[in-house]
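Every number in this text was worked out from the coordinates using simple rules, so none of it is lab data. These numbers were taken from a predicted model, which means no experiment stands behind them. Here Cβ is always computed from backbone atoms with ideal geometry, including for glycine, and neighbour counts include all displayed protein chains.
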Amino acid sequence: MSVGAIVVLAVAVGVLAVLLIRARARAERVARRFEVLEEIAAVADRGGTVEQTLSGISEVLVPSIADFCMIDVISEGRARRAAVRVAPGAPAGLDDDLTQRQPSLPAEMLGPAEREPAARLRERVSEADLRELAHDPEDLEFLRGIGMGSFVNSPLRARQRTTGALTLGVAWSGRRYRAEDERFVRVLGGRVALALDNAGLFTDLGRSERARAEIAETLQRGLLPPPLPHIRGWSAAAMYRPAGAENEVGGDFYDAFPVAGGWMLVIGDVTGRGARAASITGQARYTLRTAAALTGDPLVALSTLNRALLARRDSALCSVAAFTLSEDPDQPVRLAVAGHPPPLLIDGEAVSETVEPGPLLGAFAGAEWRLERAAIAPGQQLVVITDGITEACGASGRFGEERLHAELAGATSPVIAVQRLEGALHAFTEGRLVDDAAILALARSSAEAGEETDDRLGTLRPLAAA
């Protein structure tokens, strides 16, 4: 046999080997897919509660054919996340973030349709795909952080209507979905819909949605910030704006409550959004109230909340600025700041940061904070905001610190300061906030403005001059 013939034969054997390997891999994929369909059918046959069915389906799909999966239910044109499962190796907290995230489903899956909507496949997720899925700039950053390679979602059809959607994605495993995977997920969606319908998920959906609405309304009434009380010797104003018309409570809050010899005022911001953020907000407000009522000390209040957040099973972070006021405005204000934007001192046209912030609450067990004591001189104001204001997005970018200072310069009272900032924020964002926003402003009342300040107390000054 000649050398040329040997080379040709070797190449042919190599090509045949590659074809055999590919054929074997394909056969294994097909066999595994049949196994998945049989396992989903077994989940349906077991019966059980909706929660048990969702858990069983998720265990079949992840990590076998997906790095993460979400099951959403659809009612009256709105989607609600019903289940999430994430494979090992995911970014920290991804399961919680996906659970809280509002689903991104095509309009044809949400609207009334007699015909089954098509499945949606993205073989290589692009920046344009992420922008199409994102609800806002913060959500876009979150989606980028997942590092999705491919995803496919398929409608769930029960009783001739689209009642949900199944979304499968691959990222950190390095796998990729192709057209044949889309066809399989369509078949898979039918099996999943049947399993969930047998478990009563879709027939009970109307009742569960009404119950959820009642619970949400109750939470909203209980967690909305209260009106500021009258504090003798002081003038105060506040504003709270949620990020959307359907999100009446969220991660920002302010509060004011009596303590021995005066009042404590707090303003804070909880990480995250949705129901979980609202639950942490409630815990923060009532923990601060309880600790303050017992001690009247801002440092004790911060330390107590820090321990409470660290004791939670989930990661919960919170920034807070807390200050106590005496009913005698000649007495110094006591301030403590934990991971929050520094309070701003407004003195005529000058706007300066004051009081260095300490560590974020819920991050470190041994964290400590400093207590600052200073008087607010006549004509000065103290304004504290949450970062939903400076991070607000408009046509020209971020609202930012420079714009914040410019709007506050020359404000002559807390009410004017809050009204100016609220109006500027609304105009800048065209009324579309992507994060909650809150403002708290404080000054000596006009009746006290002519009194002299005891020099021994000092006055609030910019950090650079402190």
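Overview of values
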{"read-out": "Reduced Cα scattering model of the stretch 329-388, Debye log10 I(q)/I(0), q = 0.17 Å⁻¹", "value": "-0.63"}
{"read-out": "Sorted by Cβ neighbour density within 10 Å, fewest at the top, the residues PHE364, PHE151", "value": "PHE364, PHE151"}
{"read-out": "Given charges at Cβ of Lys, Arg, Asp, Glu: the stretch 337-399 dipole, positive-most of VAL384, SER396, THR354", "value": "VAL384"}
{"read-out": "Quarter of Cα convex hull surface for the stretch 224-465, i.e. mean projection, nm²", "value": "12.6"}
{"read-out": "Theoretical gain in end-to-end length, VAL300 to ASP96 [0.36 nm per residue, Cα-Cα removed]", "value": "70.4 nm"}
{"read-out": "Which of GLY111, GLN160, LEU140, positive extreme of dipole for the stretch 33-203 (C-beta unit charges)", "value": "GLN160"}
{"read-out": "Proxy reagent accessibility, fewest Cβ within 10 Å first, across LEU299, LEU344", "value": "LEU299, LEU344"}
{"read-out": "Ordering of 380-391, 430-441, 229-240 by burial proxy (mean other Cβ atoms within 10 Å per residue, highest first)", "value": "380-391, 430-441, 229-240"}
{"read-out": "Inter-label distance for PHE364 and ASP330, nm, one decimal - labels placed 7 Å from Cα along Cα-to-Cβ", "value": "4.0"}
{"read-out": "Rg and Dmax [Cα atoms of the stretch 371-422; Å; Rg one decimal, Dmax integer]", "value": "12.8, 40"}
{"read-out": "Quarter of Cα convex hull surface for the stretch 33-203, i.e. mean projection, nm²", "value": "9.2"}
{"read-out": "Nearest-20 debye value, the stretch 350-438 charge dipole, Cβ charges on Lys, Arg, Asp, Glu", "value": "200"}
{"read-out": "Cα-based radius of gyration of the stretch 293-341 once divided by 2.2 N^0.38 Å, which approximates compact folds", "value": "1.35"}
{"read-out": "Unit charges on C-beta of K, R, D, E only; dipole of the stretch 273-404, Debye", "value": "840"}
{"read-out": "Relative exposure of LEU140, LEU166, judged by other C-beta atoms within 10 Å (fewest first)", "value": "LEU140, LEU166"}
{"read-out": "Dimensions in Å of the stretch 313-456 - Rg and Dmax from alpha carbons", "value": "16.4, 52"}
{"read-out": "Full-extension gain in nm, ARG175 to ARG124, via 0.36 nm per residue minus C-alpha separation", "value": "17.3 nm"}
